[in-house]
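Notes to accompany the following structure.
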Amino acid sequence: MRILSIETSCDDTGITIFEAKGGLTNASFKILSDNLASQKIHAEYGGVFPVLAKREHAKNLPLLLAHALKKTKLEKKKKPVDAIAVTYGPGLEMCLWEGITFAKNLAKEWSVPLIPTNHMEGHILSVFGKHKGSFKVEKLKTPILALLVSGGHTQLVLMKGWMQYEIIGETVDDAVGEAFDKVARMLGLPYPGGPYISKLAEEERRLLRGIPGSATARTRANFQQKIMGADAKQSSPFILPRPMMYTKDFNFSYSGLKTSVLYLIRDLEKSGQKINDKIKAEIALEFENAAIECITHKVKRVIEKYGIKTVIIGGGVAANKHLRSEMKKITTKGEIKLLLPTLELSRDNSVMIGIAGYLNFIKNKKKVIKPDTIKATGNLRV
Ligand code: KG4
Ligand code: ZN
């Protein structure tokens, strides 16, 4: 069947048309046209402005649809697709409504079913996708652990069976991506800051590599000695905390880590130290190490406790190189299969909504849902 999928949960407008066939563990997809409009407008405000995002979605949706229909030569067909999958949560409700209303109108005009789709399930299933060409869903060994890391979520989702989700841990305050963005802002880096922090940290890590001994510690110690004199031995501004890392549960906390960076910068400035590029890179490295260590530590424990056979990572922070390489280390050691999304599909996109939409349509035996019952659900959970 041919499906149109729509994503408008935050600041990316996505429309994909694809062919899909097969069942829950062997579905195959062929992308006919994939379109993503990333809203640049929020960069100057240092965060997503919901009213602006909604306005941009309203502007982008008809343009992307026209482009997709033209590219697939379906624009003259009375019924260009067989179903429409649309994100109905979680996300910014006014943005979600923009996509839902657009989808409802199309479904009515073309007389096709609507498939309400969960954005986070989309991130989980994004690991099978590509933004062009063909791809397949593969049968995975259970239990599966899905780590969801984005601007709004930090969750550990246990899947004892295929497409059966149980959230076993999550952040009690900020999401990890949000912490990356806020720390970037403190360091005067553009929004969204995750990729910038990650780039700085990566460069610093490379610089430190090759130096014998505990290079990171030595660099820090030298630096602290320089700015703080004898006190440096007492306090260690470049060692940031790992909040909740050792708690028995599988939850996370990023608000304290973010505040620690704020205090560190404030203390450095008070001591007369300019926050130059070198200092920014040092802070970025320690922040990234701390943020990722909190995740990998809990992932290791979940793997042990539940005998996890497959690990999936989804969400914008899945693009983080350090997280990817640390997760590879953990899973290779335990001979666990690790599935990572492509960089294009780590961020928000409509391909993942298409995959999740189609699989749910199959799971629900193609049951048609009344469009009136589909409502934007900002805090939807998997
Ligand atoms: O999934 P996503 O595109 O949107 C949400 O649903 O939130 O995730 C966006 C988040 C932002 O916080 C962004 O800074 C972060 O993902 N991000 C990264 C990297 N690339 C994107 N964080 C760390 N390292 C990266 N390389
Ligand atoms: Zn997302």
Give the separation of the Cα centroids, segment 329-382 to segment 19-42, in Å. 11
What Kirkwood Rh does segment 112-193 have if only Cα atoms enter the pairwise 1/r average? Answer in Å. 15.0
Quick one: which of Lys71/Lys160; Lys136/Lys375; Lys329/Lys366; Lys337/Lys365; Lys54/Lys79 span more than 32 angstrom between C-alpha atoms? Lys71/Lys160; Lys329/Lys366
Using Cα atoms only, what is the angle between the long axis of helix 277-306 and the major principal axis of the chain, expressed in degrees (0 to 90) to the nearest 10? 60
Pairing the Cα long axis of helix 321-333 with the longest principal axis of the chain, what angle in degrees results, from 0 to 90 and rounded to the nearest 10? 90
Once the mean of 1/r over all distinct C-alpha pairs in the chain is inverted, the Kirkwood radius in Å reads 21.9
Using a probe radius of 1.4 Å on heavy atoms only, what accessible surface per residue do you get for the chain? Whole Å² is fine. 46
Net lengthening on full extension, Ile275/Arg55 (0.36 nm per residue, minus Cα-Cα): 75.5 nm
Heavy atoms of the protein only, probe of 1.4 Å, neighbouring chains included. What is the accessible area of Phe287 in Å², nearest 10? 0
The relative contact order of the chain, taking Cα pairs under 8 Å that sit 6 or more residues apart, comes to a percentage of 25
Give the carbon-plus-sulfur fraction of the accessible surface of the chain in %, rounded to a whole number; probe 1.4 Å, heavy atoms of protein chains only. 54
What's the long-distance tail for segment 145-339, i.e. % of Cα pairs beyond 31 Å? 20
Report the longest stretch of the chain that contains none of the trypsin sites (Lys or Arg not before Pro) sitting in a DSSP loop with at most 11 other Cβ atoms within 10 Å. 275-364
Express in whole angstrom the spacing between the alpha-carbon centres of segment 309-324 and segment 97-165. 16
Rounded to the nearest 10 degrees, the helix 50-71 long axis (Cα) sits at an angle to the longest Cα principal axis of the chain of 50
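The values are calculated or read from the model by the stated rules, or taken from the named source; none is laboratory data. From a predicted model like this one, the values you see are computed outputs, not experimental measurements. Here Cβ is always computed from backbone atoms with ideal geometry, including for glycine, and neighbour counts include all displayed protein chains. Each accessible area value is taken on the protein alone, full model and side chains, heavy atoms only, with ligands, DNA and RNA left out. Shrake-Rupley method; radii C 1.70, N 1.55, O 1.52, S 1.80 Å.
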